[in-house]
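The values are calculated or read from the model by the stated rules, or taken from the named source; none is laboratory data. Keep in mind that this is a model prediction, so the values were computed, not measured. A quick note on method: Cβ atoms are made from the backbone with ideal geometry, for glycine too, and the neighbour counts reach across all protein chains shown.
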Amino acid sequence: MKRHATFNDVKVYNVSAGKSLPEWTEEKKKNNTSLRYNDEYRRRIELITDFDMPTSSSQVKISPNGQFIFATGTYPPRIKIFETAEVGMKCERYMDAEAVTFEVLSDDYQKLVLLRSDRQIEFHVKYGKYFSTRIPKFGRDLAYSPMSCDLYCACSGSDVYRLHLEQGRFLRPFETQCPAVNKCELSLQHQLLGCAGTDGRVECWDQRQRTLAGDLDVAAVLRDAGENLGSDSLECTALQFADDGLSFGVGTSSGHCLLFDLRSNKPLQVMDHKYGLPIISLNFAAERNIVSADPKLVKAWGRDTGKVLTNIEPPADINNLCLWPGTGLMFMAAETHKIQTFYVPALGLAPKWCRFLDNLTEELEEEEVTAVYDDYKFVTKDELRGLGLGHLIGTSVLRAYMHGYFMDMRLYKKAQAVAQPFAYETYRQEQIDRKIGAQRENRIAPVKKLPKVNRKLAERILNGTKQTKASKQEKADPKELMEDDRFSSLWSDPKFVVDERSDEFARVNPSTAAMANAKAQREDDDSEEETAAEEQQAGGSGKETISYSDGEDGSDDSSDDDPSEEEEDEDGRSKAGGGRGPRLLEVKEGVDGILSAGKRKKIKVNAPLGNRVESLERREAKRAVRKTEKARAEKRQRWEQQKEGGEGSTRRSFDSEMRAVKKRSAFK
């Protein structure tokens with residue numbers, strides 16, 4: 001079951017959509033897969049089991065008590081009886097010829113009569129076929145009067161045959177003025193028999209007096225209304241009396257539906273299907289609506305206003321339409337093996353035996369449904385002529401809709417490729433020009449006006465970055481959020497500055513805080529290295545982390561001593577030169593350095609923050625090693641410069657300095 005279409009905000013559901021059980025079984029054998037976990041198979045809806053025919057179906061009708069559904073079809077010719085209480089098929093009977101139409105004689109399935117295409121009238125009872133009789137001409141329609149037990153048969157001649165079922169014999173027929181009668185319908189309210197002829201006339205006969213009560217020229221009425229009927233003769237193909245006993249509807253071969261009052265020869269409403277195909281069925285629905293059908297379209301429209309309620313286009317040509325009385329459920333006998341079933345809630349509720357359809361339609365409203373014509377292209381008549389496909393109008397390749405047609409997308413692309421061979425080159429050049437234009441626009445970056453306070457926060461909001469959990473639930477426009485008066489102080493008042501280095505910000509945004517601290521640490525390292533390099537180049541006495549001598553200027557007073565005379569104690573400290581060892585690095589406590597034990601215990605609760613502390617400790621150790629290596633390289637470079645300049649430095653002073661550096665690095 002799926003939504004078929006939505007026209008004028010009226011929803012139509014195709015209950016027979018999807019695969020049948022034999023198709024699922026065949027697919028299972030073909031693919032060698034299980035259907036147990038197939039969502040489409042588990043969610044399938046089969047309103048009535050085996051509600052189909054091998055080739056096509058011709059007629060669908062309902063028993064007067066509403067407990068049985070009858071359907072005829074081919075091939076071979078057969079009739080199926082379905083029971084609504086069991087939601088399945090009760091029995092199936094075969095015939096020698098196709099059934100043109102049939103009538104239910106009893107309230108249930110026990111008595112029915114079929115009009116076959118070989119001029120036979122066949123009677124069936126509870127156990128099967130009971131009797132058959134032959135009529136002189138080919139029959140077209142049947143009508144049964146339960147008051148007089150008369151069976152009326154419209155045929156290809158001007159006579160309407162009368163078969164009295166109680167007496168078991170034919171009575172004198174009704175001799176109409178029509179060359180042939182297409183349809184006959186009996187009104188249970190006033191017992192008038194309506195006959196729709198091939199000459200565009202409708203005659204009403206009084207079966208009690210067996211005389212003509214009145215006639216109506218429908219073709220003349222349409223011409224007076226200004227309808228273009230063409231050169232072909234107009235025929236009346238459908239006829240139906242309303243339950244009020246005063247109104248009746250007529251369908252014509254030109255695709256027009258007319259609503260009349262028995263007391264007037266002027267139509268109350270005229271509806272054109274726009275297809276130019278004969279009307280095959282006409283039904284009076286609830287809420288004063290009329291449902292008419294031609295081979296391509298089912299149209300529901302109002303009796304009082306004539307406004308179209310909705311349109312239904314089934315996947316195959318329609319042979320007959322059966323509307324369940326007082327509900328929105330309808331069955332369509334069509335040129336397909338499935339009997340099409342549609343449900344329109346606007347026409348009425350579902351019948352009692354399938355009330356679950358109302359709940360299913362509510363569930364389908366919560367799901368997204370794709371359009372019906374996803375694989376079709378809508379084209380007008382002018383576009384068809386431009387593509388050279390004007391000769392396809394009226395064929396099954398095109399589906400008429402509004403002021404144009406729907407055609408298959410693959411056919412449209414092939415026709416467009418033939419009619420416009422250079423269309424791809426034009427499209428390719430347009431795409432190239434569009435990309436070049438986009439690159440030119442990106443050369444000059446757009447200037448964003450950011451506030452002075454909380455510039456980073458404003459930039460993240462304009463770029464669409466989510467800051468909190470609430471922002472994920474409420475999708476607001478960034479520009480409207482920036483211009484909102486409730487948050488104006490956030491961009492103007494310095495009291496509302498967001499401190500990204502605070503512990504509160506780090507707990508809420510651990511990843512953002514870690515990235516900010518890492519960036520700040522890299523900037524501090526770069527600034528310290530630049531400052532040290534500038535001081536060395538200037539020859540000044542900047543701050544040194546490690547001292548190798550007692551002098552303030554960094555010079556070594558014991559450069560003339562022999563390194564072999566230096567003594568070391570047990571701790572590895574040199575006793576020569578005053579006995580002072582290297583000074584240790586001064587490490588700060590806090591977020592930028594190694595945290596204290598008390599703060600470290602608090603931070604261990606937050607896992608990302610603890611990982612950040614460990615990374616800072618490793619980074620501090622690496623920086624100390626880099627400084628040590630840098631100091632060693634500077635000492636070596638200074639010794640080489642002194643040696644080349646002839647300042648009298650000796651190898652002994654250099655070795656002593658290098659030993660001091662090694663001791664310090666070993667201590668660290």
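Among the candidates 195, 257, single out the residue that is more than 20 Å from residue 161 (Cα to Cα) and in contact with a Phe, Trp or Tyr (Cβ under 9 Å, 6 or more places away or on another chain).
One residue alone meets the criteria, 257.
Report yes if residue 341 is more than 30 Å from residue 213 (Cα to Cα) and not hydrophobic (A, V, I, L, M, F, W, C), otherwise no.
Taking the combined requirement at face value, the residue satisfies it.
For residue 198, state whether it is surrounded by fewer than 20 Cβ atoms within 10 Å (Cβ to Cβ), β-branched (Val, Ile, Thr) and without any contact (Cβ under 8 Å) to a residue 24 or more places away in the chain.
When the stated conditions are applied, residue 198 does not pass them.
Which members of region 86-96 meet the condition of being surrounded by fewer than 15 Cβ atoms within 10 Å (Cβ to Cβ) and part of a loop (DSSP other than H, G, I, E, B)?
Correct list: 86, 87, 96.
Going through 68, 131 one at a time, which residue ends up being farther than 19 Å from residue 186 by Cβ, touching a Phe, Trp or Tyr at 6+ places or on another chain (Cβ under 8 Å) and surrounded by 17 or more Cβ atoms within 10 Å (Cβ to Cβ)?
Criteria check complete, one pass: 68.
So which residues in region 38-65 are among the charged types (D, E, K, R) and either assigned to a loop (DSSP other than H, G, I, E, B) or buried (at least 16 other Cβ atoms within 10 Å of the Cβ) (or both)?
Of everything in region 38-65, those that are among the charged types (D, E, K, R) and either assigned to a loop (DSSP other than H, G, I, E, B) or buried (at least 16 other Cβ atoms within 10 Å of the Cβ) (or both) turn out to be 43, 44, 46, 50, 52, 61.
Got at least one residue in region 500-518 being in contact with a helix residue (DSSP H, G or I) (Cβ under 8 Å, 6 or more places away or on another chain), β-branched (Val, Ile, Thr) and at pLDDT 75 or above?
no
What number of residues within region 250-264 are surrounded by 15 or more Cβ atoms within 10 Å (Cβ to Cβ) and either out of contact with any strand residue (DSSP E or B) (no Cβ under 9 Å at 6 or more places or on another chain) or not β-branched (Val, Ile, Thr) (or both)?
Of the residues in that region, 10 qualify.
Which of the following residues is free of Cβ contacts under 8 Å to residues at least 24 places away in the same chain and under 18 Å from residue 204 (Cα atoms): 166, 86, 175?
It is 175.
Enumerate the strands (runs of 3 or more DSSP E) found wholly within region 149-257, keeping only those where 2 or more residues are among the hydrophobic types (A, V, I, L, M, F, W, C) and under 19 Å from residue 277 (Cα atoms).
Correct list: 236-241.
Any idea which residue in region 211-234 is surrounded by the fewest Cβ atoms within 10 Å (Cβ to Cβ), counting only those that are at pLDDT below 90 and of a type in the set (D, E, K, R)?
232
What are the pairs, 6+ residues apart or on separate chains, where a residue within region 402-424 that is among the aliphatic types (A, V, I, L, M) has its Cβ under 7 Å from a residue that is in a helix (DSSP H, G or I)?
415/387; 419/386; 419/387; 423/416
Can you find a residue in region 285-297 that is without any contact (Cβ under 8 Å) to a residue 12 or more places away in the chain, in a loop (DSSP other than H, G, I, E, B) and not assigned by TED's automatic domain parsing to the domain that holds residue 393?
no
Of all residues in region 1-35, which are modelled with pLDDT under 75, in contact with a helix residue (DSSP H, G or I) (Cβ under 8 Å, 6 or more places away or on another chain) and not polar (S, T, N, Q)?
Matches in region 1-35: 1, 2, 3, 18, 19, 24, 35.
State whether one or more residues within region 99-112 are within 26 Å of residue 177 (Cα to Cα), free of Cβ contacts under 8 Å to residues at least 60 places away in the same chain, among the polar types (S, T, N, Q) and not in a strand (DSSP E or B).
no
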